[in-house]
Amino acid sequence: MAEEAARVEVTRNEEKEQWEAHAGEQVGVLTYSESDGKLFLLHTEVPEALEGQGIGGRLVRAAMDYAREAGEKVVPFCPFARVWLERHQDYADLVAESD
């Protein structure tokens, strides 16, 4: 399955408010909402067949890159995203506290 991770395409689905990582028939998602200049990361879910391949991290990175480009702060409600952000301090400047 390692070759699956190499062929993953991450896209933003605005209609469903989620980033999607497509690997063949499998799809991992990071759901979000946007409000008042903040991006709220809600939930990351990766199919069991894709776990351990960095798919969740690619989803969070895509959301963080989007937030940086859009000038938004990020509120990570998702436990996976919080842990990922603790490990990637290069995005720490984007993290806002939840109200």
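Where in the chain lies the longest segment free of trypsin sites (Lys or Arg not before Pro) that are both loop residues by DSSP (not H, G, I, E, B) and have at most 13 other Cβ atoms within 10 Å?
Value returned for the longest uninterrupted segment is 17-99.
Quick one: compute the contact order of region 2-94, relative version, from alpha carbon pairs under 8 angstrom and 6+ residues apart, as a percent.
For region 2-94, the relative contact order is 24 percent.
Within region 22-88, list the chymotrypsin sites (Phe, Trp or Tyr not before Pro) lying in a DSSP loop whose Cβ has at most 15 other Cβ atoms in a 10 Å radius.
For chymotrypsin sites (Phe, Trp or Tyr not before Pro) across region 22-88 that sit outside H, G, I, E and B with at most 15 neighbouring Cβ atoms in 10 Å, the list reads Phe77.
Against the longest alpha carbon principal axis of the chain, how many degrees, from 0 to 90 and to the nearest 10, is the axis of helix 55-70 turned?
Rounded to the nearest ten degrees, it is 40.
Where does the charge balance sit around Tyr32 when Lys and Arg score +1, Asp and Glu -1, over other residues with C-beta under 12 Å from its C-beta?
Overall, the nearby charge balance is -2.
Please report the antiparallel percentage of DSSP beta bridges with both residues in the chain, rounded to the nearest 5.
80 percent
Can you list the residues, at least 5 places off or on another chain, whose amide H is less than 5 Å from the amide H of Val75, using H built in the peptide plane?
Amide H to amide H, under 5 Å and 5 or more residues apart or across chains, Val75 pairs with Leu39, Phe40, Leu41, Ala96.
Each reported figure results from applying straightforward, stated rules to the coordinates on display, with no laboratory input. Just so we're clear, the structure is a prediction, and the values are computed from it rather than from any experiment. Cβ sites come from the backbone with ideal geometry, for glycine too, and all protein chains shown count toward neighbours.
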